[in-house]
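**Student:** Sending over a structure as structure tokens; questions will come in a sec.
Throughout, read-outs are computed from the coordinates displayed, never taken from laboratory work. The structure presented is a predicted model; accordingly, all values stated were derived computationally and were not measured. Here the Cβ positions follow ideal geometry from the backbone for every residue, glycine too, while neighbour counts run over all protein chains shown.
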Amino acid sequence: MKAEYQKKIALGVAQRHTTWAPVWAVVKAFGKGKRKHPSELTVQRRQWRRTKLKAVPRRTPNKHLG
């Protein structure tokens, strides 16, 4: 497996963890009259500038001829 592919897998998992809540969940949680952003219901928050994911490829052993 290539190193970049492992990094993309880790980023994909993090993307699924930080998706916004559906609209019907906002209505169910806060009521019909509230105007809330769907991200207020998600547990794991992420901000592209403030916090980084630190998704690095797995270290592979050096292949030396000897």
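**Student:** Taking the range 3-45, which trypsin sites (Lys or Arg not before Pro) meet the DSSP loop condition and have no more than 12 other C-beta atoms within 10 Å?
**Tutor:** The qualifying sites are LYS32, LYS34, ARG35, ARG45.
**Student:** Among the lysines, select those whose C-alpha is under 27 Å from the C-alpha of LYS52, and discard any that sit fewer than 8 residues away in the same chain.
**Tutor:** Filter leaves LYS2, LYS7, LYS8, LYS36.
**Student:** If you add up the charges near THR18, with Lys and Arg at +1 and Asp and Glu at -1, over every other residue whose beta carbon is less than 10 angstrom from its beta carbon, what do you get?
**Tutor:** The answer is +3.
**Student:** Note down the net charge around LYS34, summing +1 for each Lys or Arg and -1 for each Asp or Glu among other residues with Cβ under 15 Å from its Cβ.
**Tutor:** The answer is +3.
**Student:** With θ set to phi - 60° and the Karplus curve 6.51 cos²θ - 1.76 cosθ + 1.60, what are the ³J(HN,Hα) couplings of the range 21-31 in order, to the nearest whole Hz, using x for Gly and Pro?
**Tutor:** 6, x, 5, 5, 6, 5, 5, 5, 7, 10, x
**Student:** Here's a follow-up. Using a cut-off of 15 Å between beta-carbons, work out the net charge of the residues near LYS8 (Lys and Arg +1, Asp and Glu -1, LYS8 not included).
**Tutor:** +4
**Student:** Do any chymotrypsin sites (Phe, Trp or Tyr not before Pro) in the range 11-66 lie in a loop, going by DSSP, with at most 10 other beta-carbon atoms within 10 Å of their beta carbon, and if so which?
**Tutor:** Hits after loop and neighbour filter: TRP48.
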